[in-house]
1. Please specify each residue of region 117-144 satisfying the condition of being within 17 Å of residue 158 (Cα to Cα) and either modelled with pLDDT of 80 or more or surrounded by fewer than 17 Cβ atoms within 10 Å (Cβ to Cβ) (or both).
2. Here are some residues: 74, 62, 92. Which one is at pLDDT 85 or above, over 16 Å from the mean Cα position of the chain (by Cα) and under 19 Å from residue 128 (Cβ atoms)?
3. Hey, residue 95 hits all of (1) free of Cβ contacts under 8 Å to residues at least 24 places away in the same chain; (2) within 18 Å of residue 112 (Cβ to Cβ); (3) surrounded by 15 or more Cβ atoms within 10 Å (Cβ to Cβ) but one; which does it fall short on?
């Protein structure tokens, strides 16, 4: 899925640039491969040419964290997939939107707004709920006051699970 350049309020996390503030627990093999054009357009998965300006795209990587924007559960999925099959539209950090599917045995708590981690194996992408430690690290990596970050971490730690 492709997305326009994020607004100044959000930042892309370029894992190739250590100064970009990527969470420390993100390994290179966990990152989402993407591409970025000189005009600022970002595409994930990678594309050879920019759909906005037709310029060449450079290799880019995004942190594998996002928020579920929408989802559906297929109870009669296509052949080759087991039922039920969860499919979600996930917004990655920086505004890039990505479609992936969930683990067949892990649909608990699937809801819009859920923070998830994107995992991939052989170019197949699936989402999994983020652990409390991952959510805390993500919150701590954002800009803002320390007190606000701590309040956000406490809110996410004691939020009722659905």
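The values are calculated or read from the model by the stated rules, or taken from the named source; none is laboratory data. Keep in mind that what you see is a predicted model, and the values were worked out from it rather than measured. In this analysis, Cβ positions are derived from the backbone assuming ideal geometry, glycine residues included, and neighbour counts consider all displayed protein chains.
1. Residues satisfying the conditions are 131, 132, 133, 140.
2. Result: 74 is the single residue among 74, 62, 92 that is at pLDDT 85 or above, over 16 Å from the mean Cα position of the chain (by Cα) and under 19 Å from residue 128 (Cβ atoms).
3. With (1) free of Cβ contacts under 8 Å to residues at least 24 places away in the same chain; (2) within 18 Å of residue 112 (Cβ to Cβ); (3) surrounded by 15 or more Cβ atoms within 10 Å (Cβ to Cβ) applied to residue 95, the lone miss is (1).
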